[in-house]
Amino acid sequence: MLTMQIAVGFFLALVSVQLMPHWIDLVGWHWAFTPLVAGPLFGIVSMLSLGRLPQSRQLANGRR
């Protein structure tokens, strides 16, 4: 699974590097990096929802 996760990560990085010049030509530099906001936003939402699970208290030794 770790190999699969690393391969998917490299693939996503490769795709974003290849598509960025086309995206910049389309929208310009002012909005060039807006698609990259999706990753951190998804991570924040995921971590907040995981923190609400009852099992999160067990994993954190009683601390949240």
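Some notes on this structure:
- Calculated mean residue ellipticity at 222 nm for the chain: -23000 deg cm²/dmol, from DSSP H runs with n ≥ 4 weighted as -39500 (n - 2.57), summed, divided by the residue count and rounded to 500.
- Computed log₁₀ I(q)/I(0) - Debye formula, equal Cα scatterers, no solvent, the chain, q 0.13, 0.19, 0.24, 0.28 Å⁻¹: -0.59, -0.86, -1.01, -1.09
- 3J(HN,Hα) couplings calculated from phi for the stretch 27-34 with the Karplus curve 6.51 cos²θ - 1.76 cosθ + 1.60 (θ = phi - 60°) are, in sequence order, 10, x, 5, 4, 10, 4, 9, 4 Hz; Gly and Pro show x.
Where a number appears in this text, it was derived from the coordinates with a stated rule and is not lab data. Model, not experiment: these values are computed from the prediction.
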